[in-house]
Every structure is written in C-alpha cells, then in structure tokens.
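Remarks on the structure that follows.
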C-alpha cells in the first residue's frame, strides 16, 4: 500500500467521525493524528493530555504550546499513578492497568461534553512489540486510526515533515514506567530520579535516550550519535557526577544502544522467577 493511500485511509477514518477527542502527548504520532483530525473536523476536535509523574514536564509544556499555536481546545487530564491498583508493583500487565484508568477517565469527560469518539496514536509498528495497553484500548472501544491505516513510525515522520510539523524528527517517547524491570517497584522518588537523569541527558544533547533503573545502577541507552558523544571523557565524567548527585551509585552505558521495549527482554526471566 502506498503512503498516499495510507494517508487517504487515515483521512477517511477521521472524516467519518462526528466529534473526536485525541489522546495527545505531544509526541510524533499523536501530533500528526491531532493535526490531521483538526484539519478535517475543525472545532469538533479537542485534545486530551495526561498530566502525571510518568511523563516529563517539558513534554506537557510542548503539548500545550502546540495546541495554543494551532487554536485547538485542550483538556488536561490529571492522573496520579499511585492511585492505580497494582500499578506500583510493576507487573507485566502494568500498562493495561494504567490505560484502563486513563482512558476510562477520558471517556467520562468525553461523555459529559458530548464528544462521540476518542482516538489514540498507536501505529502499525506497535503491533510487533509487547503492548498490554492495547488490550485496554480495544476493550474500551478507543480507536487507533494510525494503526488502522497501517502507518509505520517512519511513514508518520515522513508525513509530519511534509506537513511542516515540528515533531517530525522528535525522539520517540515512552512513559517513565518503561524504565523499570518488571517487578521493580515504581515510586515517586524513583520516577523523579529518572526524570532528572533524562532531563540532564536531554540538555547534554544526547538525542534519543533512555535511563533504565536497576536499583542503584543507571543503564543509559542512546542512539549511535549519542554513543559517539559519550566518547568524550569530559562528558562521561560530568554525567557520572550528576547521576550520583541524583542518587545513583553506578552509571553504565548499554553497548547495544537505544531500542524500544528493552525491558520486555526480561519477560521470560520474570515469568520463570514466579
């Protein structure tokens, strides 16, 4: 299927919706989805953005700036992950537990406001990874138009660039819960450590980056450009010093580099330990 055909399919899906709320994080996928929906449906579209301890504050700020610039109504949905039953224990279905709560809350708001549909930004590549949150989305009847149109991440970036969206080359995002091995407790203190560490690497211009939490050890995943930046002894020493101020005892760099869902590599081992 050509990219043009996929884009037309996306437009047809959205055009058929009466009124819609887009789950909008400010990332690559949801920005393309929101912009396309708004182009087609105008003021029948609004953005639902989650505010919680699981996402960087800078991402919320960027999401707010985008909708203000585009003239799109935005509703900020506050979610305290500590109130989600079972979430802090970090089981393999953690994402399911979280998505059920978040999207159920969005549905209540949408119903109160007479909004007919909620859509979210999962893409065709997400089918290939372990994504328990997708089960929650399906159970609640949330639509995933990018996935329905078979659009991959690379294609979404290409379309975003053609549309002049500032997110076309933005690093991929994922909530901070993905930084912890399954079974490792998720606490506000640990989330704050991850937030501070990744913010520091972001300011150091490492590009695509994740800081994985392993007790007192921080494992840095970054892309090829980031690995090349880490050849600087001065930068490595600065990172080591800052991470120890944050609370880590040891700092390591993953030689395999950045990859999505790397904590899913431990699923089989986690299952055997139970």
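Provide the gained length on full extension for the span residue 252 to residue 2, in nm with one decimal, where the gain is 0.36 nm per separating residue minus the Cα-Cα distance.
Length difference between fully extended and current span is 85.8 nm.
Rank these for me by crowding, 173, 128, 32, 191, going from fewest to most other beta carbons within 10 Å.
Lowest count first: 128, 173, 191, 32.
Please list the three semi-axes, largest first and in whole Å, of the ellipsoid equivalent to region 1-120, using sqrt of 5 times the eigenvalues of its alpha carbon gyration tensor. If you can, show how the numbers build up before the last one.
Values: eigenvalues 134, 52, 46 Å².
Ellipsoid semi-axes (Å, largest first): 26, 16, 15.
Tell me the label-point distance for the pair residue 224, residue 260, using the 7 Å Cα-to-Cβ offset, in nm and rounded to one decimal.
Computed distance between label sites residue 224 and residue 260 equals 1.9 nm.
Tell me the Kirkwood hydrodynamic radius of region 4-44 in angstroms, computed as one over the mean inverse distance between distinct C-alpha pairs.
Result for region 4-44, one decimal place: 10.5 Å.
P(r) of region 125-225 in 5 Å steps, Cα pairs, percent per bin?
Calculated P(r), rounded to whole percents: 2, 10, 16, 18, 17, 18, 13, 5, 1.
Of the residues 23, 204, 149, which exhibits the maximal mean-square fluctuation in a Gaussian network model of the chain defined by a 10 Å Cα contact cut-off?
Among 23, 204, 149, the largest GNM mean-square fluctuation belongs to 204.
If I model a spin label as a point 7 Å beyond the Cα along the Cα-Cβ vector, how far apart are those points for residue 73 and residue 232 in nm?
Taking the simple label geometry, residue 73 and residue 232 are separated by 4.7 nm.
Most fluctuating residue of 88, 232, 144 in a GNM of the chain with Cα springs under 10 Å: which is it?
Sorting by GNM fluctuation, first place goes to 232.
Based on the inverse mean of 1/r over its pairs of different Cα atoms, what is the Kirkwood hydrodynamic radius of region 176-273, in Å? Walk me through the numbers on the way to the answer.
Details: mean 1/r = 0.0727 Å⁻¹.
It is 13.8 Å.
Per-residue ellipticity at 222 nm for the chain, helices alone: DSSP H runs ≥ 4 residues times -39500 (n - 2.57), over residue total, nearest 500 deg cm²/dmol? List each step's numbers first, then the result.
Details: 11 runs with 125 residues, N = 274.
Result for the chain, helices only: -14000 deg cm²/dmol.
With every atom except the alpha carbons ignored, what do you get for Rg and Dmax of the chain, in angstroms?
Rg, Dmax (Cα atoms, Å): 19.0, 57.
What angle, in degrees between 0 and 90 and rounded to the nearest 10, separates the Cα long axis of helix 233-246 from the longest principal axis of the Cα atoms of the chain?
Helix 233-246 sits at roughly 80 degrees to that axis.
What is the packing order of peptides 163-170, 208-215, taking the mean over residues of other C-beta atoms within 10 Å and listing the highest first?
208-215, 163-170
Could you calculate the contour length gain from residue 18 to residue 169, that is, 0.36 nm times the residue separation minus the distance between their Cα atoms, to one decimal place in nm?
Result for the pair: 51.3 nm of gain on full extension.
On C-alpha positions alone, give me the angle between the axis of helix 57-70 and the longest principal axis of the chain, in degrees, nearest 10.
20
Please give the peptides 115-127, 53-65 ranked by average Cβ packing (other Cβ atoms within 10 Å per residue), highest first, as a rough proxy for protection.
115-127, 53-65
In bins 5 Å wide, starting from 0, what share of all Cα pairs of region 65-117 does each bin hold, as a percent?
4, 17, 20, 16, 18, 13, 9, 3
Antiparallel as a % of all DSSP beta bridges within the chain, to the nearest 5?
Here the antiparallel bridges make up roughly 25 percent for the chain.
No value in this document is a laboratory result; all are computed from the given coordinates. On a predicted model such as this, the values are computed, not experimentally measured, just so you know. Every residue, glycine as well, gets a Cβ built from its backbone with ideal geometry; the counts of neighbours run over all protein chains shown.
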